[in-house]
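Undergrad: Got a structure here, written out as structure tokens. Questions coming.
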Amino acid sequence: MTAQSMDELVALAKRRGFIFQSSDIYGGLQGVYDYGPLGVELKNNLKAAWWRAMVYERDDVEGLDAAILTNPTTLKHSGHEDTFTDPLVDCRSCKSRWRADHLKDGKCPGCGAEDLTEPRPFNLMFKTQVGPVQDENGNFAYLRPETAQAIFTNFKNVVDATSPKLPFGIAQIGKAFRNEITPRNFIFRVREFEQMELEFFVRPGEDDAWHEQWVEARLQWWAQQGVPRDTIELYHVPSDELAHYSKATVDLMYRFPHGVEELEGIANRTDFDLGSHTKNQDDFSIDAKVAPNSDSNAKLAIQDLQGKGWTVPYVIEPSAGVDRGVLAVMNEAYTVETLDNGSERTVMAFQPHLAPIKVAILPLKRNHEGIVAKAKAIKNQLMSLGIGRIFYEDTGNIGKGYRRHDEVGTPLCVTVDFQTIEEDDTVTVRNRDTMAQERIKVDELADYVNQFMRMS
């Protein structure tokens, strides 16, 4: 069971400390959100899962963390200055602005009027001043609109530092900024967001096979995060809709509460990117149509094993939005169950590795010195496992504590009671999904938790 509406997710996100409207006390800032105490844990866990799958579990991918500020020349040669636009229309009746491709039946979404201006291109990139003096001659940089270009401009640096052989990839997670005309649908489309992006470099002629492999790999990874295969539709982007650099793109379309939209795109970018940023382009056999580049000081190519020639690799790009990923994971986790007694409980059934809180420790009596001391000692013991956040819940009401941790997605709750300190040194461990409870010896608890996390 998923959320029935976006409003359900938004309400829970704010109530339980997942996501807040940025600058909320001043009326907010449209298209900008802050991640609260639980949201930042969920977000970091999702990014960590991606990094582990892309970098730690592979021998053919290196990591990168590039700067947000971007030299305008980079985005000139990437094509962003000329092509990174959306069609903008104004409503003459209510004075609102909209993306032309988001209109239905040619009517203003705000007031329903048909009196709209002709579409005109609107550049999505944010400019910022560089240096102490504002200079009309060009002392500016862009906040990067994507993370990919820094990977391409660092291609030679990574190759020189790590000496990889084709195929290989460079992975990056980081902030990007787009001046969206109409941010919408909570954290789905925002002005400040994070991307999880891999640029995987392959030999020309091997690109189609690798493209297919990466589509399947990404479907499997999302399933491991709790987003099942049957919730995702594959959209093979038609040739007339492809980006200017793309030979083929497959979008993973997920059923969000507001409708089916892109969760991740896997693109075959050909040799456009490295070709566009390389010097002496005529020295290489570049398949893509690229503009001349007299600014670059590096050739972005790989020398063959015999040292007799150079290859400008093709690029396969799996690119996923972190924020959209968080939204999809939250939506799939959202569950409302009717219990045997007729009451309902709300559960965020996160995969344990994504759960913001891994284990909650609940003392039966929050003012009992012995129980409290034992509970805090157990918390410290589990913290040393390094599995994530261990939370000390001192409300003193076990039933309410269970319900709270069901709603924030905590997989295990550990209750410390009088039996723990007076009889057999056992605790009650409650499973979030089944609500089953069992007594576990304190000295066996760490192994129990570790095994649970590995098996989940």
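Undergrad: Given H placed 1.01 Å from N in the peptide plane, which residues other than close sequence neighbours of Glu62 have an amide H under 5 Å from its amide H?
TA: Gly169, Ile170, Ala171
Undergrad: Something else: Have a look at Ile68, Pro238, His405 and report the one farthest towards the positive end of the charge dipole of the chain, computed about the Cα centre with Cβ charges (Lys/Arg +1, Asp/Glu -1).
TA: After comparing all options, I get His405.
Undergrad: Pull up all non-local amide H partners of Phe126: gap of 5 or more, or a different chain, and H-to-H distance under 5 Å with H placed in the peptide plane.
TA: Hits under the 5 Å cutoff: Leu143, Asn179.
Undergrad: Only Lys, Arg, Asp and Glu count, each charged at its Cβ (+1, +1, -1, -1), so figure out the dipole size of the chain about its Cα centre, rounded to 20 debye.
TA: The calculation lands at about 1080 debye.
Undergrad: Using a 7 Å offset from the Cα along the Cα-to-Cβ direction at both Lys127 and Ala67, what is the distance between the two label points in nm, to one decimal?
TA: Result for the modelled spin labels: 1.9 nm.
Undergrad: Using helices alone, I'd like the mean residue ellipticity at 222 nm for the chain: each DSSP H run of four-plus residues gives -39500 (n - 2.57), total over residue count, nearest 500.
TA: Mean residue ellipticity at 222 nm (helix-derived): -8000 deg cm²/dmol.
Undergrad: At a 10 Å Cβ-Cβ cut-off, how would you order Met6, Met435, Met348, fewest neighbours first?
TA: Met435, Met6, Met348
Undergrad: By how many nm would the segment from Lys165 to Ser456 lengthen if fully extended, with 0.36 nm per residue of separation less the alpha-carbon distance?
TA: 101.2 nm
Undergrad: Write down the Kirkwood hydrodynamic radius of the range 319-390, to one decimal in angstroms, obtained as one divided by the mean of 1/r over all alpha carbon pairs.
TA: In the range 319-390 this quantity evaluates to 15.1 Å.
Undergrad: Report, largest value first, the span of the C-alpha coordinates of the chain along each principal axis, in whole Å.
TA: Projected onto the principal axes, the Cα atoms of the chain cover 82, 67, 49 Å.
Undergrad: I'd like to compare 178-184, 380-386, 40-46: which one has the highest average count of other Cβ atoms within 10 Å, and what's the full order after that?
TA: In decreasing order of mean packing, 178-184, 380-386, 40-46 become 40-46, 178-184, 380-386.
Undergrad: Need one number: nm distance between label points at Arg229 and Asp394, each 7 Å from Cα along Cα→Cβ, rounded to one decimal.
TA: Roughly 4.9 nm, to one decimal.
Undergrad: Then there is this: Could you give me the ³J(HN,Hα) list for the range 348-359, computed from phi with Karplus coefficients 6.51, -1.76, 1.60 and θ = phi - 60°, whole Hz, x at Gly and Pro?
TA: Taking θ as phi minus 60°, the curve returns 9, 7, 5, 4, x, 5, 9, 4, x, 10, 7, 9 Hz for the range 348-359.
Undergrad: Could you list the square roots of 5 times each eigenvalue of the Cα gyration tensor of the range 174-231, that is, the equivalent ellipsoid semi-axes, sorted largest first and rounded to whole Å? It would help to have the intermediate numbers written out before the result.
TA: Working: eigenvalues 152, 68, 19 Å².
That gives 28, 18, 10 Å for the three semi-axes.
Undergrad: Which order do peptides 159-167, 277-285 fall in by mean Cβ count within 10 Å, highest first?
TA: Per-residue mean Cβ counts within 10 Å order the peptides as 277-285, 159-167.
Undergrad: What chymotrypsin sites (Phe, Trp or Tyr not before Pro) in the range 4-70 are in a loop by DSSP, with at most 12 other Cβ atoms within 10 Å of the Cβ?
TA: Working: sites: Phe18, Phe20, Tyr26, Tyr33, Tyr35, Trp50, Trp51, Tyr56; in loops: Phe18.
Those that pass, being in a loop and sparsely packed, number zero.
Undergrad: Students often check this: by mean Cβ neighbours within 10 Å, which of 323-330, 288-295 ranks highest, and how do the rest follow?
TA: 323-330, 288-295
Undergrad: Which one of His353, Gly39, Pro121 has its Cα pushed farthest toward the positive end of the charge dipole of the chain, where Lys and Arg give +1 and Asp and Glu give -1 at the Cβ?
TA: Farthest along the dipole direction, towards plus: Gly39.
Undergrad: Tell me which residues come under 5 Å, amide H to amide H, from Phe256 once H is placed; ignore anything under 5 positions away on its chain.
TA: Residues meeting the amide H criterion: Glu261.
Undergrad: Quick check: net charge around Ala53, other residues with Cβ under 15 Å of its Cβ, Lys/Arg +1 and Asp/Glu -1? Let's see the in-between values first.
TA: Numbers: positive: Lys47, Arg52, Arg58, Arg218; negative: Glu57, Asp59, Asp60, Glu62, Glu197, Glu216, Glu264.
The answer is -3.
Undergrad: State the extension gain, in nm to one decimal, for the chain segment bounded by Asp283 and Glu407, taking 0.36 nm per residue of separation less the distance between their alpha-carbons.
TA: Numbers: separation 124, 0.36 × 124 = 44.64 nm, distance 6.01 nm.
Residue separation times 0.36 nm, minus the Cα-Cα distance, leaves 38.6 nm.
Undergrad: Same structure, new question: From the phi of every residue in the range 152-158, what ³J(HN,Hα) in whole Hz does the Karplus formula 6.51 cos²θ - 1.76 cosθ + 1.60 yield, where θ is phi - 60° and glycine or proline is x?
TA: With the stated coefficients, the range 152-158 comes to 5, 6, 9, 3, 5, 4, 5 Hz.
Undergrad: Distances over 24 Å make up what percent of all Cα-Cα pairs in the range 355-455?
TA: Details: 549 of 5050 pairs.
Cα-Cα pairs in the range 355-455 separated by more than 24 Å: 11 percent.
Undergrad: Tell me, how many Å apart are the Cα centres for the range 238-317 and for the range 352-424?
TA: Taking the Cα centre of each part, the range 238-317 and the range 352-424 sit 50 Å apart.
Undergrad: Whole-Hz ³J(HN,Hα) for each residue in the range 70-83, computed from phi via Karplus 6.51 cos²θ - 1.76 cosθ + 1.60 with θ = phi - 60°, x for glycine and proline: what do you get?
TA: Per-residue couplings from phi come out as 10, 4, x, 5, 4, 7, 5, 7, 6, x, 5, 4, 9, 10 Hz.
Undergrad: Here's something else I'd like to know. What's the angle, to the nearest 10 degrees (0 to 90), between helix 6-15's Cα axis and the longest principal axis of the chain?
TA: With both axes taken from Cα atoms, the answer is about 60 degrees.
Undergrad: Positive end of the dipole of the range 355-455, charges at C-beta (+1 Lys, Arg; -1 Asp, Glu), about the Cα centre: which of Ala373, Phe391, Tyr448 has its Cα farthest in that direction?
TA: Positive-end residue among those listed: Phe391.
Undergrad: Per the chain: cysteines with no other Cys C-beta under 4.7 angstrom?
TA: When partners are defined as cysteine Cβ atoms under 4.7 Å apart, the chain leaves Cys413 without one.
Undergrad: List residues of the range 84-101, by number, whose backbone nitrogen lies under 20 Å from a label position 7 Å along Cα→C-beta of Glu114.
TA: Counting only backbone N, you get 89-101.
Undergrad: Using just the C-alpha positions of the range 217-338 as equal point scatterers, what log10 of I(q)/I(0) does the Debye formula give at each q in 0.12, 0.18, 0.19, 0.23 1/Å?
TA: The Debye formula, applied to the Cα set alone, gives -0.60, -0.93, -0.98, -1.21.
Undergrad: How much length, in nm to one decimal, is gained on full extension between Glu344 and Ile440, taken as 0.36 nm per residue of separation minus their Cα-Cα distance?
TA: So the chain would gain 31.8 nm between Glu344 and Ile440.
Undergrad: Let me ask something else about it. State to the nearest 20 debye the size of the charge dipole of the range 355-455 about its Cα centre, where the only charges are +1 on K and R beta carbons and -1 on D and E beta carbons.
TA: Approximately 440 debye in magnitude.
Undergrad: Further, regarding this structure: Just how large is the dipole of the range 125-172 about the Cα centre, in debye to the nearest 20, putting +1 at every Lys and Arg Cβ and -1 at every Asp and Glu Cβ?
TA: Dipole magnitude for the range 125-172 comes out near 220 debye.
Values quoted throughout were computed directly from the atomic coordinates according to the rules given, and no laboratory measurement underlies them. The shown structure was predicted, so the numbers you read here are calculated from the model rather than taken from an experiment. Don't worry about glycine lacking a Cβ; one is built from the backbone with ideal geometry, like all the others, and counts go over all protein chains shown.
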